[in-house]
Amino acid sequence: MAERLATLVGIYALLGLGYQIVFGQLRALNLAQGALFGVGAYATALTAPSLGPFALLVAPLAAAAVAALAAPPMLRLQSHYFALATLALASLINLVAVNAEDLTGGANGLVGFGMALPRGPTLTILVWLVLVATVAAYASIFKGETGEKARLLRDAPLVAASVGIDAALWRFTAFVIGGACAGLAGGFSAALTGVVSPEATGFSVMLLCLTAVVVGGARHPLGAVLGAAVAVLLPELFRGLQGSWLLAYAAATLAVVLWVPEGLAGLFTRRHALPIPLAVAPASGPRRLELDRVGKRFGGVEALRDVSFTVDRGEIVGLIGPNGSGKTTLLNTISGLESADSGTITLDRAHLEHLPAHAIARHGIGRTFQTPIEGETRGAGLARALATGAAFLLLDEPAAGMTDRERDLLAGQLRGLRRDRGIVLVDHDVELLTRVCDRLVCLDGGKVIASGSPAEVRADPKVRASFLGVPA
């Protein structure tokens, strides 16, 4: 009995570990993990008579293949739409298991294959060896830079895109790897029970997986192990309560969720922000950023209209204008967070206007945002943009909320960056812009109303009327 429970804990920990990659690291509610567990179980049962123990290797491959085929259309969806799509995939897999009787045995399932697979202590040792190796690999991969990228994708997807992280590729990879872990767990389950039925693809497996990950901890690798131990062992402890065991199990699970919201693994770990590289290497690459008659509309609102200017490496161009003039929209359009409706944006000769944000970042454009990520200082955004080695920086109000001394330090830093970078600087502090910028561009109503040296632009009657509040 103890051996069987130990094996079950290892199997469900492996299932939960795969689920952590999608749900914990990327915060995507995948409801097909349990069904992919069933795919692995069926794959092992069907191939065991001919492959013997090597049928266990077929399980992760089969589940990963199903995940890879289903992922492209589903991963285009966000939030609850993605969850519903994965639930539809799980239902489809379950329907195939029930109705494809010639292949799956229908409602009766498959039996008689277990003798060809590892059993008893051999299976228990094999499950735990694989689990330990997977936990070690998971912990190694998600520490340092990879963990920071996952955090950005989870907490600040726009920031992630601005530093060149391809969210679509990450989600696809996580979905497939998570599916492979589920499939391998399903293969081990088939070896343990010697029977595979449609229940292996049912929602009860998914519910157990979700419970284990939430209770144990959604991101710490040991969370899946602790959660699986709770999910497997608590029902056994409460069996003596007869009909009340399920209520006691639910109460115990709820207590963990309420008092340890980060999961049991949170009791043994301390949260700390990962350091962001501050070393600034000299930039190289493109020499000129050019906007030519760029336009952007939101419904009937013309947010940008025929905006044209250039920025060369080695200069700082300040972007000013009243609230609602289109400054942030222009930065979003240059960086690919919004697509231009007209005009061209080129980096040397490379056209950017129709590229996704992560591709534009890889061409050499870094971006900061007005609002820092929770738990970070405002300077962290600039440090992150610099760490990409971008030749051009788009800085959206970096001085907001700073003291006079901090503004002086920022001005000095910007002058240093100008040596080998081009900078577009948006800020309401005209004095700061006058000190550090080579040129100013003033927007009003989405169009350029003045461009030139800081002194020329500040003296322009149209600028004084629209931005500085001085009657023309």
Quiz item: Consider Thr403 against the criteria (1) among the hydroxyl-bearing types (Ser, Thr, Tyr); (2) within 26 Å of Thr434 (Cα to Cα); (3) touching a residue at least 24 places away in the same chain (Cβ under 8 Å): it satisfies all of them except one. Which criterion is unmet?
Solution: (3)
Practice problem: State the number of residues belonging to region 46-84 that are surrounded by 15 or more Cβ atoms within 10 Å (Cβ to Cβ) and of a type in the set (Ser, Thr, Tyr). | Solution: 1
Exercise. Scan Thr211, Thr201, Thr193 and give me the residue that is crowded, with 20+ Cβ neighbours inside 10 Å, at pLDDT 90 or above and within 27 Å of Ala6 (Cα to Cα).
Key: Thr201
Practice problem: Among the numbered conditions (1) under 38 Å from the mean Cα position of the chain (by Cα); (2) among the polar types (S, T, N, Q); (3) more than 29 Å from Thr173 (Cβ to Cβ), tell me where Ser79 comes up short. | Solution: (3)
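Only one of Ala150, Ala139, Ala156, Ala107 is touching a Pro at 6+ places or on another chain (Cβ under 6 Å) and farther than 20 Å from Gly183 by Cβ. Can you tell me which? Quick ask: steps written out before the conclusion?
Details: Ala150 fails: touching a Pro at 6+ places or on another chain (Cβ under 6 Å); Ala156 fails: touching a Pro at 6+ places or on another chain (Cβ under 6 Å); Ala107 fails: touching a Pro at 6+ places or on another chain (Cβ under 6 Å).
Only one candidate qualifies: Ala139.
Got a sec? Which helices (runs of 4 or more DSSP H) wholly within region 109-165 have at least 1 residues that are among the charged types (D, E, K, R)?
Working: elements: 120-141, 145-155, 157-162.
Passing ranges, in order: 145-155.
Checking the condition farther than 29 Å from Leu5 by Cα and at pLDDT below 95, which residue from Ala139, Ala160, Ala229 passes?
Numbers: Ala139 fails: farther than 29 Å from Leu5 by Cα; Ala229 fails: farther than 29 Å from Leu5 by Cα.
One residue alone meets the criteria, Ala160.
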Self-check item: Flag if Ala182 is surrounded by 22 or more Cβ atoms within 10 Å (Cβ to Cβ) and either outside the structural domain of Val66 (by TED's automatic domain parsing) or touching a Phe, Trp or Tyr at 6+ places or on another chain (Cβ under 6 Å) (or both)
Solution: yes
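Quick one: would you say Thr368 is modelled with pLDDT of 90 or more, β-branched (Val, Ile, Thr) and over 15 Å from Glu431 (Cβ atoms)?
On the way: modelled with pLDDT of 90 or more: yes; β-branched (Val, Ile, Thr): yes; over 15 Å from Glu431 (Cβ atoms): yes.
So Thr368 passes the test.
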Quiz prompt | Yes/no for Leu432 being modelled with pLDDT under 95 and closer than 21 Å to Gln413 by Cα | solution = yes
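Only one residue in Gly109, Gly120, Gly105 is in contact with a strand residue (DSSP E or B) (Cβ under 6 Å, 6 or more places away or on another chain), more than 26 Å from Pro221 (Cβ to Cβ) and among the small types (Gly, Ala, Ser), so which one is that? Steps first, please.
Values: Gly120 fails: in contact with a strand residue (DSSP E or B) (Cβ under 6 Å, 6 or more places away or on another chain); Gly105 fails: in contact with a strand residue (DSSP E or B) (Cβ under 6 Å, 6 or more places away or on another chain).
Answer to the check: Gly109.
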Practice problem: For region 447-463, name all the residues that are part of a helix (DSSP H, G or I) and among the charged types (D, E, K, R). | Solution: Glu456, Arg458, Lys462
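Which ranges mark the strands (runs of 3 or more DSSP E) fully within region 368-446 that have 2 or more residues being more than 28 Å from Ser284 (Cβ to Cβ)? It would help to see each step written out before you state the result.
Details: elements: 392-396, 422-426, 439-444.
Where strands (runs of 3 or more DSSP E) fall fully within region 368-446 and carry at least 2 residues being more than 28 Å from Ser284 (Cβ to Cβ), they are 439-444.
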Practice problem: Go through Leu169, Leu152 for me and flag whichever is out of contact with any Leu (no Cβ under 8 Å at 6 or more places or on another chain), closer than 23 Å to Ala70 by Cα and of a type outside the set (D, E, K, R). | Solution: Leu169
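The values are calculated or read from the model by the stated rules, or taken from the named source; none is laboratory data. The model shown is predicted, which means the values in this text are computed figures rather than measured ones. Glycine also receives a Cβ, built like all others from the backbone with ideal geometry; neighbour counts cover every protein chain displayed.
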